[in-house]
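Notes follow the structure.
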Amino acid sequence: MNWYLSKIVFQIVCGEGQHTPQFDEQLRLIIAGNEQEAFDKAVALGEKEQDGFYNPEQQLVQWKFINVAELYKLSGMLDGAEVYSRIYETDDPDRYIDFTNKKADHIRHYHTHKLLELL
């Protein structure tokens with residue numbers, strides 16, 4: 001069995017969708033015997049995890065599975081290896097930097113990301 005890294009893409013739609021389009025790109029680890037099996041498992045996971053709920057304004061908010069956009073076989077774990085890179089453009093770089101620093105502080109103080117540790 002091999003480990004694969006997949007990017008599963010969902011579209012977030014609120015109500016009738018009359019808003020700025022939003023997409024949720026999720027990186028997921030998949031264990032499979034080959035690339036086709038990994039792709040099929042990632043698609044099944046995306047389809048299974050489509051979700052919806054009603055917001056306080058009683059509008060349906062939906063996560064609609066789009067597809068598996070990327071799939072990489074992880075041949076080995078290397079310290080410092082790049083796993084994901086995304087260029088983010090913004091008109092307010094100070095706000096983005098502040099948000100990034102706040103997320104780092106949250107990790108540093110609350111250790112919430114330790115939930116991803118393998119036991």
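Observations, loosely collected:
- The slack between S75 and A44, meaning 0.36 nm per residue of separation minus the straight C-alpha distance, is 8.9 nm.
- Annotation for T20 and K102: the two label points, set 7 Å from Cα along the Cα-Cβ direction, are 1.6 nm apart.
- Taking 27 Å as the straight-line reach from the Cα of K73, the lysines in range (excluding those fewer than 8 positions away in the same chain) are K7, K41, K48, K64, K114.
- The amide H of E70, built 1.01 Å from its N in the peptide plane, has K7 as neighbours under 5 Å, considering only residues 5 or more places off or on other chains.
Since every read-out is calculated from the coordinates, none of them should be taken as a lab result. Everything numeric here is computed off the predicted structure, so don't read it as measured data. Don't worry about glycine lacking a Cβ; one is built from the backbone with ideal geometry, like all the others, and counts go over all protein chains shown.
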